[in-house]
Every structure is written in structure tokens, then in C-alpha cells.
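Undergrad: Once you've had a glance at the structure underneath, I'll fire off some questions.
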Amino acid sequence: MALRIRVLLENHKGAGADKSLKARPGLSLLVEDESTSILFDTGPDGSFMQNASAMGSDLSDVSAVVLSHGHYDHCGGVPWLPDNSRIICHPDIARERYAAMTFLGITRKIKKLSCEVDYSRYRMMYTRDPLPIGENFIWSGEIPVVAPEAYGIFGGHDAEPDSILDEGVLIYQSAKGLVIITGCGHRGIANIVRHCQNITGIKQIYALIGGFHLRCASPFTLWRVRRFLQEQKPEKLCGCHCTGAWGRLWLPEITAPATGDVLRF
């Protein structure tokens, strides 16, 4: 086995997927090579655990759980993890956050995007910096962005903008180049790729997998992302979750992994 990714949970079911599998808006992937197994995100609830069992995957002995960021559709399933699980994430993972709307200079919360999780049950490894996991994996740590975009606000009275600074990605160093696994891509696909190249010293991108946050992107943003990816020439492009039909339309070479799918690299 080189690299295998089981899509435990995604917004949709894969073609021919077992009828018992549940699809939910969110993402959860079981990422494995010969020596390391990592659960990347948990989706919004315990559905990923039920799906893992139906797919014949045992999550009781994964090397680590990696949480891409603190939105409920990526870490809402944490309470279903076994106590004392090893979790790697950014220290801001548990901050309260909301989608918001500003009108006439007044900002109003419209939807809660975080979830309440008792992280004291787990072996937490909070880090802002890159962290090796096993022989071939790296947690990216914070992804620098010159002009970060706000995707909501933090809880509190000052309406502090939330640019998802806590978002990180999982990197796999393969013989063919980097495999980059994203949760939502809030920090921007180009910023994510450049950061992964910088911290590993590897320029070749073999595959990009996960959410690319393009479902509501402007045509100009989509054009820039497409041009950037054409320059990078990844061999495989697998966009799911928040990539959206709009994003996939602009990236005709993309595939869309769904619940129940198994990817091999």
C-alpha cells in the first residue's frame, strides 16, 4: 500500500456506495500509508464513525486525528472519538465563531459556525507550526496570507473578523511529489500550495484533494485558481465538499470524491 484515502464522509454519496452509508455536509477522510494512519476531520456529527464501520475501517488505533479548522462541519464529530485520542490542530480550534452580515455599519451574527467540544478528553497537540507525523506526513501549521479574507466573526462584542487563521492542511511526501489534503481551502489554494512547497522544499505537486472553497467564488477568482493550477500541473485534482459544482465547472480535469469512495496514489 502506498497512499490510500477512504472518504468516510462528504456532502454526497459515491456512485454505487453502500446504502447504509450516510452523507452529510462536511468532510472526513481516513488517510493511510504503510506505517501511519490519520483521521483528517470528523464531519459535523458521528456519521463518520458509522460509515467507517460499514467500510471496514477501524478508527480505534489511528496514529493521529488532524482537524483542519474549527468549523462545525469539520470538527463536529470529535465527541464521538475515543477518549485519549491524539488530536493535532491549531490552538484557536475552539474559538466561538459565526457567519455574519453587515448593514448600515452594523454587524449581525446570522449563523453559528463553531461547535462546543470538550477537548480535555483527548491528548491535544496544539501548534501553529509545521509538525511531522510519522515518516511521510506533515501538518502544515498556519498558512500565511498577505491579504486574508474574513469568513465571519468571532464571538464577543467587538465583531472581530475571522480569517480562519487556524486552518491547516495535511501533506504527504510521495516519490511523485506532494499530496496536499485540504479541509475547506479558506486560506486560498495558491497560498496553501506555496506554503506546502516552502516548508517541504518540494516543488512538484502530485495531487490536491479536499475542499477548495470555490462554490461561491467569483469568475475572476476561479480564473486565477485555474491558471495557478495549470502552472503547477498536479497529476490528480480531487475537489469535493465546498469545491462545489461551480468550482468543478471551471476545473474540467477535476474529479469529485464522495462518501464511500477509496482513492489510491
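Undergrad: Among (1) aliphatic (A, V, I, L, M); (2) surrounded by 11 or more Cβ atoms within 10 Å (Cβ to Cβ); (3) within 30 Å of K176 (Cα to Cα), there is one condition V146 misses while meeting the rest; what is its number?
TA: (2) is the only condition that V146 fails.
Undergrad: Of everything in the range 140-185, what is in a loop (DSSP other than H, G, I, E, B), hydrophobic (A, V, I, L, M, F, W, C) and under 18 Å from G201 (Cα atoms)? Give them in sequence order.
TA: Listed by number, the residues that qualify are I143, V169, A175.
Undergrad: If we keep just the residues of the range 121-138 that are of a type outside the set (F, W, Y) and outside any loop (DSSP other than H, G, I, E, B), which is surrounded by the fewest Cβ atoms within 10 Å (Cβ to Cβ)?
TA: The selected residue is P132.
Undergrad: Something else: I need the full set of residues from the range 93-120 which are under 20 Å from the mean Cα position of the chain (by Cα) and part of a strand (DSSP E or B), in order please.
TA: If the condition is that a residue be under 20 Å from the mean Cα position of the chain (by Cα) and part of a strand (DSSP E or B), then R97, Y98, A99, K112 are the ones that fit.
Undergrad: Sort through R264, R227 and tell me the only one that's surrounded by fewer than 13 Cβ atoms within 10 Å (Cβ to Cβ), of a type in the set (D, E, K, R), within 19 Å of the chain's Cα centre (by Cα) and modelled with pLDDT of 90 or more.
TA: R264
Undergrad: Return the only residue of L67, L59 being surrounded by fewer than 22 Cβ atoms within 10 Å (Cβ to Cβ) and not acidic (D, E).
TA: After applying the criteria, what remains is L59.
Undergrad: If you don't mind, another one. Determine whether E167 is under 13 Å from the mean Cα position of the chain (by Cα) and of a type in the set (D, E, K, R).
TA: Against the criterion (under 13 Å from the mean Cα position of the chain (by Cα) and of a type in the set (D, E, K, R)), E167 qualifies.
Undergrad: Applying the selection to the range 45-63, what residues are touching a residue at least 40 places away in the same chain (Cβ under 8 Å) and touching a helix residue (DSSP H, G or I) at 6+ places or on another chain (Cβ under 8 Å)?
TA: F48
Undergrad: I need the full set of residues from the range 82-91 which are over 25 Å from C240 (Cα atoms) and in a loop (DSSP other than H, G, I, E, B), in order please.
TA: Scanning the range 82-91 gives P82, D83, N84, S85, P91.
Undergrad: Could you tell me which of the residues L249, L170, L208, L178 is closer than 26 Å to G14 by Cβ and surrounded by fewer than 19 Cβ atoms within 10 Å (Cβ to Cβ)?
TA: Selected residue: L249, the only one of L249, L170, L208, L178 that is closer than 26 Å to G14 by Cβ and surrounded by fewer than 19 Cβ atoms within 10 Å (Cβ to Cβ).
Undergrad: Next up: Is there any pair linking a residue in the range 99-119 that is more than 19 Å from P44 (Cβ to Cβ) to one that is of a type in the set (K, R), with Cβ under 8 Å and at least six apart or on different chains, and which?
TA: From residues that are more than 19 Å from P44 (Cβ to Cβ), the pairs are A100/R108; A100/K109; M101/R108; T102/R108.
Undergrad: Considering each of K19, K13 in turn, give the residue that is more than 23 Å from C184 (Cβ to Cβ) and of a type in the set (K, R).
TA: Step by step, each of K19, K13 is checked, and only K19 is more than 23 Å from C184 (Cβ to Cβ) and of a type in the set (K, R).
The values are calculated or read from the model by the stated rules, or taken from the named source; none is laboratory data. Keep in mind it's a predicted model, so treat the numbers as computed, not measured. Methodologically, a virtual Cβ is constructed for each residue, glycine included, from the backbone with ideal geometry; neighbour enumeration extends over all protein chains shown.
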